[in-house]
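One structure below.
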Amino acid sequence: MKDNRRRPEFLLVHGAWHGSWAWRELQDVLAGRGWTSHAVDLPSVVAEGAVGKLPGLLDDARVVREKIDAVQAPLIVVGHSYGGAPVTEATTAAANVSHLVYVSAFALDEGESLMTCFGGEQPDLATVEGIIPVRDDPEQTLYNDVPQGARDAALARLLPQSALSFAEPVSRAGWKTLPSSYVLCDDDRSLPPSYQEPFALRTGTTYHLPSGHTPLLSMPDKLADILEEIASGVTAEDALSTSPQVNAVER
């Protein structure tokens, strides 16, 4: 019998302009199914009117890594949208990370930033200051399939994103050494499928959801189904790796 202490948990990393609040519905679904989850608030999401040199992607990655190191359990780390970038940076050589999941997210390679991954020029980081306002028409670009009540609540909580978070490149890519999956959102109007597909190809498995950009709000049950399937696979692999009988056969 497998030791339940080795049951994986989830670490959920939100996208630009959002906060840990965006995961609440999904966390409730996961909790109802017996799964433990954690969420972080990224410092690159800043207050209205913030100016000057603000926290960037590497600051976000540091917060993610601190949380990874604080959890005493195997972790499945889930990044949504921009959140995939700090997840990519933070998870390299993390001993307790069992799997990465990118949800319509940026699975960047070393040296890539959000500004350069589709062919843009890398700015001089010393000159990057200020914010990136919430993107145009968020009702449609971010929440086209989110129920009206949840959409209005989310819109009221969006905040600016630091420009540095989009400009800083990742220096290491966790998906190169860790098992990973991609949840491709087929009706995404923020990061359309054609933009997601190159990132999905970098991961081991691609799942599809008929959702807009934010399935954690529009279809948390279906996203939870995928995460539970991934977690069950991790649990099975972990059981094999700790079973004396199986190890004896493998030797």
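The values are calculated or read from the model by the stated rules, or taken from the named source; none is laboratory data. Note that this is a predicted model, so its numbers are computed, not measured. Cβ: placed from backbone, ideal geometry, glycine included. Neighbour counts: every protein chain shown. All accessible areas refer to the heavy atoms of the entire protein, side chains included, with ligands and DNA or RNA removed. Shrake-Rupley method; radii C 1.70, N 1.55, O 1.52, S 1.80 Å.
About its Cα centre, how strong a charge dipole does the chain have in debye, to the nearest 20, once Lys and Arg get +1 and Asp and Glu get -1 at the Cβ? Intermediate values should be presented prior to the final figure.
Details: 19 positive and 34 negative charges, 154 e Å.
Here the chain has a charge dipole of around 740 debye.
Would you please give the FRET efficiency between Asp28 and Ala93, computed as 1/(1 + (r/R0)^6) with r the Cβ-Cβ distance and R0 = 30 Å, to the nearest 0.05?
Calculated transfer efficiency: 0.40.
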Sorted list, accessible surface of protein heavy atoms, 1.4 Å probe, largest first, for Glu228, Glu139 is Glu139, Glu228
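Only Cα pairs under 8 Å and at least 6 apart count here; give the relative contact order of region 147-218 as a rounded whole percent. Numbers along the way, then the final one.
Numbers: 68 pairs, mean separation 22.2, N = 72.
Relative contact order here is 31 percent.
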Expected vector for region 92-106, Karplus 3J(HN,Hα) from phi with 6.51, -1.76, 1.60 and θ = phi - 60°, integer Hz, x for Gly and Pro, equals 4, 6, 7, 5, 9, 8, 9, 6, 10, 10, 9, 9, 6, 10, 8
Given backbone amide H placed at 1.01 Å from N, residues whose amide H is under 5 Å from that of Gly15, ignoring those fewer than 5 places away on the same chain, are His80, Gly83
Computed over region 98-244, the relative contact order (Cα-Cα under 8 Å, seq sep at least six) in percent reads 31
Dividing the mean separation of Cα pairs under 8 Å (6+ apart) by the residue count of the chain yields a relative contact order in percent of 23
Over region 154-214, with neighbouring protein chains present, the accessible area per residue in Å² at probe 1.4 Å is 40
Of region 159-196, those with amide N under 20 Å from the point 7 Å along the Cα→Cβ vector of His208 are 181-196
Any residue on another chain or 5+ positions along whose placed amide H is under 5 Å from the amide H of Tyr182 is listed here as Tyr102, Thr205, Thr206, Tyr207
